[in-house]
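The values are calculated or read from the model by the stated rules, or taken from the named source; none is laboratory data. What you see is a predicted model, and the numbers here were worked out from it, not measured in a lab. Neighbour counts are summed over all protein chains in view; Cβ atoms, including those assigned to glycine, are modelled from backbone coordinates with ideal geometry. Heads up: the accessible areas ignore ligands, DNA and RNA and are worked out on the full protein's heavy atoms, side chains in. Shrake-Rupley method; radii C 1.70, N 1.55, O 1.52, S 1.80 Å.
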Amino acid sequence: MADGPRSATARAHSNIAFVKYWGNRDHRLRLPANSSISMNLADLHTTTTVAWERSLRLDTLRINGALAADSALERVRNHLDMLRARFKTRRYARVCSMNNFPMGTGIASSASAFAALTMAAGTALGLNLSERELSILARMGSGSAARSIPSGYVEWHAGHSHETSFAETFASSDHWKLIDVIAIVSRAHKRTGSSAGHETAGSSVLQPARIGSAADRMGAVKSAIMRRDFEQFASVVEEDSNLMHAVMMTSDPPLLYWAPLSFAIMKEVRHWRTVEHLQVCFTLDAGPNVHCICASTDADAVVARLQALSSELEILRSTVGCGAYILKP
């Protein structure tokens with residue numbers, strides 16, 4: 001590496017999981033309890049610049065133009081420590097990150113953040129890492145970040161070791177034109193983050209059953225996506241979301257992410273699909289905001305119904321997105 005600062009800017013997209021990641025077999029390595037399936041969200045992204053500078057004595061972090069909170073800075077520093085050890089550099093980094101969607105609200109902001117951070121940091125070091133290597137390294141910062149490295153519809157293999165737990169594309173972004181219409185019930189940062197929730201997932205008596213049946217749901221969702229079978233897709237996606245939240249609610253301490261409006265939207269989505277025959281289903285990550293996954297032909301109708309349901313709702317929408325990429329080396 002030359003004496004001057006080396007920098008790169010990367011962009012990565014958030015993702016929404018159809019078969020969820022909740023709980024680890026190894027917390028240190030973030031090896032998931034089960035494999036998962038997701039799609040990247042084209043219109044929700046994090047853009048991160050990493051500059052490795054010889055003059056720095058500590059890593060610095062700005063998020064959306066402001067100095068980051070200590071908890072966020074510590075998590076980024078830990079990830080950079082791992083990269084420093086892996087790639088044998090003593091330099092510290094100046095990190096600037098921008099999100100175009102709410103953070104810490106169950107829209108996978110840590111996934112896009114650590115995917116972009118990993119890609120920018122590696123590129124700034126002059127490395128040409130494979131997609132698989134980037135996915136493995138991003139996983140160490142945030143498990144779901146492994147899924148934001150590849151493009152389109154993605155499978156994250158649970159694996160049996162650090163080297164075998166990675167994500168890869170199984171269908172391109174243009175394979176099936178699904179739309180994620182996200183009902184923002186709350187922008188408030190959740191009190192208990194996903195990392196803490198993964199550590200308590202095993203305290204629920206329901207977690208072994210969820211893990212034990214995950215492979216069947218993986219097969220069903222993957223098959224539905226490949227065949228563009230919305231009826232099967234919707235049934236399994238909603239079941240998997242409810243199973244994860246049942247584990248959350250029965251963990252010690254219990255995690256209650258649903259808000260009254262979240263539950264009302266879930267009920268209405270089922271009505272819109274079963275009675276009004278719209279192609280739409282719901283899924284929620286670790287937060288109160290509801291992802292309404294729908295066929296592109298029904299997205300406008302879903303948005304209109306959400307707006308009629310509550311004037312309090314902010315609505316985001318996204319098509320299927322590409323993988324992480326470099327904006328500026």
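What number of residues within segment 273-329 satisfy the criterion of being surrounded by fewer than 21 Cβ atoms within 10 Å (Cβ to Cβ), over 20 Å from the mean Cα position of the chain (by Cα), hydrophobic (A, V, I, L, M, F, W, C) and in a strand (DSSP E or B)?
Of the residues in that region, 2 qualify.
Please name all residue pairs, on different chains or six or more residues apart, with Cβ atoms under 7 Å, provided the first residue is in segment 162-175 and is closer than 16 Å to SER142 by Cα and aromatic (Phe, Trp, Tyr) and the second residue is open to solvent by 40 Å² or more (accessible area, probe 1.4 Å) and in a helix (DSSP H, G or I).
PHE166/ARG132
Of LEU261, LEU256, which residue is open to solvent by 10 Å² or more (accessible area, probe 1.4 Å), touching a residue at least 60 places away in the same chain (Cβ under 8 Å) and over 18 Å from TYR21 (Cβ atoms)?
Every option except LEU261 fails the conditions.
Of all residues in segment 170-192 being within 21 Å of ILE107 (Cβ to Cβ) and hydroxyl-bearing (Ser, Thr, Tyr), which is surrounded by the fewest Cβ atoms within 10 Å (Cβ to Cβ)?
Looking at residues that are within 21 Å of ILE107 (Cβ to Cβ) and hydroxyl-bearing (Ser, Thr, Tyr), I get THR192.
Are there helices (runs of 4 or more DSSP H) fully within segment 177-242 with at least 2 residues that are at pLDDT 95 or above, closer than 16 Å to TYR21 by Cβ and out of contact with any helix residue (DSSP H, G or I) (no Cβ under 8 Å at 6 or more places or on another chain)? List them.
207-212, 214-227
Given the conditions (1) open to solvent by less than 50 Å² (accessible area, probe 1.4 Å); (2) over 21 Å from SER213 (Cα atoms); (3) part of a strand (DSSP E or B); (4) in contact with a helix residue (DSSP H, G or I) (Cβ under 9 Å, 6 or more places away or on another chain), report the number of the one that LEU29 does not fulfil.
Condition (3) is where LEU29 drops out.
Select, from SER35, SER55, SER7, the only residue that is surrounded by fewer than 21 Cβ atoms within 10 Å (Cβ to Cβ) and either within 21 Å of SER161 (Cβ to Cβ) or in contact with a His (Cβ under 9 Å, 6 or more places away or on another chain) (or both).
SER35
Out of segment 196-221, which residues are open to solvent by 40 Å² or more (accessible area, probe 1.4 Å) and under 18 Å from the mean Cα position of the chain (by Cα)?
ALA196, GLU199 - these are the residues of segment 196-221 that are open to solvent by 40 Å² or more (accessible area, probe 1.4 Å) and under 18 Å from the mean Cα position of the chain (by Cα).
Open to solvent by 10 Å² or more (accessible area, probe 1.4 Å), in contact with a helix residue (DSSP H, G or I) (Cβ under 8 Å, 6 or more places away or on another chain) and either of a type in the set (Phe, Trp, Tyr) or touching a residue at least 40 places away in the same chain (Cβ under 8 Å) (or both): does that describe ARG86?
Yes: the conditions hold for ARG86.
Test HIS157 against the criterion of being within 16 Å of the chain's Cα centre (by Cα) and under 24 Å from ASN100 (Cα atoms), and give yes or no. Show your work before the answer.
Numbers: within 16 Å of the chain's Cα centre (by Cα): yes; under 24 Å from ASN100 (Cα atoms): no.
It is false that HIS157 is within 16 Å of the chain's Cα centre (by Cα) and under 24 Å from ASN100 (Cα atoms).
Give all pairs with beta carbons closer than 7 Å in which a residue from segment 267-287 that is in contact (Cβ under 8 Å) with a residue 40 or more places away in the chain and over 15 Å from ASP229 (Cα atoms) meets a residue that is of a type in the set (S, T, N, Q) and part of a loop (DSSP other than H, G, I, E, B); count only pairs at least 6 apart in sequence or on separate chains.
From segment 267-287, the pairs are GLY287/THR105.
Run down ALA42, ALA68, ALA2, ALA12 and say which single residue is modelled with pLDDT under 95, open to solvent by less than 40 Å² (accessible area, probe 1.4 Å) and either over 30 Å from ALA214 (Cβ atoms) or aliphatic (A, V, I, L, M) (or both).
Values: ALA42 fails: modelled with pLDDT under 95; ALA2 fails: open to solvent by less than 40 Å² (accessible area, probe 1.4 Å); ALA12 fails: modelled with pLDDT under 95.
Going through ALA42, ALA68, ALA2, ALA12 in turn, just one is modelled with pLDDT under 95, open to solvent by less than 40 Å² (accessible area, probe 1.4 Å) and either over 30 Å from ALA214 (Cβ atoms) or aliphatic (A, V, I, L, M) (or both): ALA68.
Which one is nearest to LEU117 (Cα to Cα), of the residues in segment 89-102 that are open to solvent by 50 Å² or more (accessible area, probe 1.4 Å) and either of a type in the set (A, V, I, L, M, F, W, C) or modelled with pLDDT under 95 (or both)? Steps first, answer last, please.
Step one: filter segment 89-102 for residues open to solvent by 50 Å² or more (accessible area, probe 1.4 Å), giving 90, 92, 94, 96, 98, 100.
With the extra rule that they be either of a type in the set (A, V, I, L, M, F, W, C) or modelled with pLDDT under 95 (or both), the set shrinks to 90, 96, 98, 100.
Details: ARG90: 17, CYS96: 9, MET98: 11, ASN100: 16 Å.
Per the stated criteria, the residue is CYS96.
Is it fair to say ASP26 is out of contact with any Ser or Thr (no Cβ under 6 Å at 6 or more places or on another chain) and over 22 Å from SER203 (Cα atoms)?
Values: out of contact with any Ser or Thr (no Cβ under 6 Å at 6 or more places or on another chain): yes; over 22 Å from SER203 (Cα atoms): no.
Judged against the criteria, ASP26 is not a match.
For (1) without any contact (Cβ under 8 Å) to a residue 12 or more places away in the chain; (2) farther than 25 Å from TRP156 by Cβ; (3) of a type outside the set (Gly, Ala, Ser), each residue gets a yes or a no:
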site: SER7; (1), (2), (3): no, yes, no
site: LEU29; (1), (2), (3): no, no, yes
site: SER35; (1), (2), (3): no, no, no
site: GLY65; (1), (2), (3): no, yes, no
